Amino acid sequence: MDRLDVVNSLWFVAWLAALATLFVLGARLPLQPRLRRPLALAYGAGIVLATLGIAVLANVALVLHDAHFDLTREAVFTPSRQAEQVVDLLRRDVKLTYFYQAQHQEGRRAKDMVEVLGRRNPRLHVRTVDPDKQPSVADTYGVRIYNAAVLESDDRRIQVFSTDENQIALGILRVLRERVTTVCFIEGHNEYPMENFEFHTHFEGVAGHGHGEGASALVQMRSHGAGRLRRALESFGYDVRKVVTGARPEIPSDCAAVVDVNPRTTYLPAESDALFDYLARGGAAVLMYDLGFVLEPRLRAGLAQLGLAVDQNVVIDPLDHYSTDPEVVAIPVYEPHPITRGIALSFFPGVRSLTLGPPPPGVTAKILFASSPQSFTQPVKVVNELASNGRDAARSAPGQPGRRPLAAAFEGSWPGQPAGPRPFRLVVVGDGDFASNSFLPYMSNGDLSLAMIRWAAREEQTPTVTTRMPVPPLVLLTKSQMQRIFLLIEVLLPLSVVGVGVMVWWRRR
């Protein structure tokens, strides 16, 4: 409960006290005092005026300081904290017109939510409309479907079709944008395509396929993609497009940040030069280099100037991992950084480690998160060697246990270049699967991915809202639960049938 809620609650308590005072006075004051007629009339008029005055003042105070109480355990009738923060931070007027369907439960809830949000900040002007009763208003705004919000600010207008207050809050952020921020996805190296909306999971396991070391030898799966990440960025109002770096001499300067999600083929030397030239000009990049990506010499040398090496290994964490696979490293704790602020548990299916040395002068380097002290690394041969020698041949002695950096952020002036008006920003992660369609919606993978890109695009200070991505229902079991189910279904149940059969035979023999 924030300060505004506390103040409004105090006003509500005062309103209750005023009503209680009226009832007490009404019960105790004599209706016919033993006074002369003029004094009795004045007494009665005074009571009526005092009652009306208290009632009017109490109701005016309640209207001006609306208190909202939600007694449901899930807080069904309360807007999300993130949506409230967006509304509380409004500094410009926004007009919100919500067209709800009266017969739709979620539509009625969305109507109540936007009305509650509208009472939090006078700069948010909320109007709710039932299109069945006011079809002319819907025609005026060009709204043809139910449960749609029209957001207006200055000369901009956008529509949001949702009953989710978070999506409406994202719409508020979009309509308030004063400039277009472009995020460019690098393509041309078998990266996860940004147009792909399909996804699949691998929790049940598929023979010959996974996200650990063995997956580095496999070509990109058809159903993988980064379409969910792209749509999440678009919901924040980013202009997202792809750039094929191999087909152009340099990365466009209007890209606020470039993102490379799990490239599988090596850059050309000219592409590495173009990437570093873009960073030297104050650019920003988020590079998600999974196990199967081989860094070409110029790319490796450019990262080495920052004191960074992307190791050719896979991290195995017996302590912090997701489900039962120690190669799916889970991160419960992060290093302090604007990217990791407020991020909960995330996981990385098949992640390589990073090695950080001292950064050059003018550059700040920060580890974002690392594996647990019990983790160790398993060397992985590059894809070509792995394909020719087989997976088993690639196995070698594991490293000593210890924490391994998995992601790092860099900022400053590019080594050897004069300090420009804008420092470069770079985030390097040893995994790309965590941002794919398959794993982005789970845990805090989506929040972390978006936070990396927002920091690179220099928008980490703007209000943020968690995007809700629809996911199929899953039943995730812990290792002990799976063992108990196996013991019950695969062992005890067959043995009990055998035991009953033996008992019947014994009694009838």
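The values are calculated or read from the model by the stated rules, or taken from the named source; none is laboratory data. Since we're looking at a predicted model, the values are computed, not measured. Cβ atoms come from the backbone with ideal geometry, glycine included; neighbour counts cover every protein chain shown. These accessible areas exclude ligands, DNA and RNA; they are computed on the full protein's heavy atoms, side chains included. Shrake-Rupley method; radii C 1.70, N 1.55, O 1.52, S 1.80 Å.
I need the fraction of alpha carbon pairs in the range 219-280 separated by more than 13 Å, rounded to a whole percent. Don't jump to the answer; show the numbers that get you there.
Details: 1303 of 1891 pairs.
Percent of Cα pairs beyond 13 Å in the range 219-280: 69.
Could you tell me the distance between the Cα centroids of the range 136-165 and the range 173-187, to the nearest Å?
About 21 Å separates the Cα centre of the range 136-165 from the one of the range 173-187.
Placing unit charges on C-beta atoms (Lys and Arg positive, Asp and Glu negative, everything else neutral), compute the dipole magnitude of the chain about its Cα centre in debye, rounded to 20.
Values: 53 positive and 51 negative charges, 359 e Å.
Dipole size: approximately 1720 debye.
Can you give the calculated 222 nm mean residue ellipticity of the chain, where each DSSP H run of n ≥ 4 adds -39,500 (n - 2.57) and the sum is split over every residue, rounded to the nearest 500 deg cm²/dmol?
Taking each H run of at least 4 residues, the total per residue is -10500 deg cm²/dmol.
For the range 49-118, run through the trypsin sites (Lys or Arg not before Pro) and keep only the ones in DSSP coil with at most 16 other Cβ atoms within 10 Å of their Cβ.
Loop-located and lightly packed - Arg73, Arg91, Arg92.
Roughly how big is the range 237-319's charge dipole about its Cα centre, with Cβ charges of +1 (Lys, Arg) and -1 (Asp, Glu), in debye to the nearest 20? Don't skip to the answer; put the middle values down first.
On the way: 7 positive and 11 negative charges, 27 e Å.
Dipole about the Cα centre, nearest 20: 120 debye.
Within the set of other residues whose C-beta is less than 9 Å from the C-beta of Val126, count the net charge using Lys and Arg as +1 and Asp and Glu as -1.
+2
How much accessible surface does Tyr238 have with a 1.4 Å probe, in Å² rounded to 10?
Per-residue accessible area (Tyr238): approximately 10 Å².
Toward the positive end of the charge dipole of the chain, about the Cα centre and with charges on Cβ (Lys, Arg +1; Asp, Glu -1), which of Thr182, Pro122, Ala45 goes farthest?
The one lying farthest along the dipole's positive direction is Ala45.
Where the centre of each part is set by its Cα atoms, how far does the range 230-290 sit from the range 69-85, in angstrom?
The distance from the Cα centre of the range 230-290 to that of the range 69-85 comes to 39 Å.
By how many nm would the segment from Arg241 to Asp139 lengthen if fully extended, with 0.36 nm per residue of separation less the alpha-carbon distance?
Full extension from Arg241 to Asp139 adds 33.4 nm.
Which one of Leu295, Trp11, Ile316 is farthest out on the positive end of the charge dipole of the chain, using unit charges on Cβ (Lys, Arg +1; Asp, Glu -1) and the Cα centre as origin?
Ranked along the dipole, the leading option is Trp11.
How much of the DSSP beta bridge set in the chain is antiparallel, as a percent to the nearest 5?
Values: 37 of 62 bridges.
Taking every DSSP beta bridge with both residues in the chain, the antiparallel ones total about 60 percent.
Under a Cβ-Cβ cut-off of 15 Å, what is the net charge of the residues other than Pro421 that fall near it, where Lys and Arg count +1 and Asp and Glu count -1?
+3
Under 17 Å from a point 7 Å along the Cα-to-Cβ line of Val13: which residues of the range 54-85 have their amide N that close?
62, 65-70
Might you tell me the accessible area per residue for the chain, computed with a 1.4 Å probe and given in Å²?
Accessible area per residue: 51 Å².
Which of Trp505, Leu279, Asn437 sits closest to the plus end of the dipole of the chain, meaning its Cα is farthest towards the positive end, when Lys and Arg get +1 and Asp and Glu get -1 on the C-beta?
Trp505
Got a number for carbon plus sulfur as a percent of the chain's accessible area, 1.4 Å probe? Each step should come with its number before you reach the end.
On the way: 15530 of 26180 Å².
About 59 percent, which is the carbon plus sulfur part of the accessible surface.
Each label point is 7 Å from the Cα along the Cα-to-Cβ direction; what then is the distance between the points at Val491 and Arg34, in nm?
9.3 nm
Working from Cα positions, state the angle (0 to 90°, nearest 10) between the long axis of helix 165-175 and the longest principal axis of the chain.
Rounded to the nearest ten degrees, it is 80.
Can you give the accessible area of Trp11 in Å² (nearest 10), computed on protein heavy atoms with a 1.4 Å probe?
Accessible area, nearest 10 Å²: 100 Å².
Can you tell me the length gained on complete extension of the stretch Arg108 to Gln85, counting 0.36 nm per residue apart and subtracting the Cα distance?
6.1 nm
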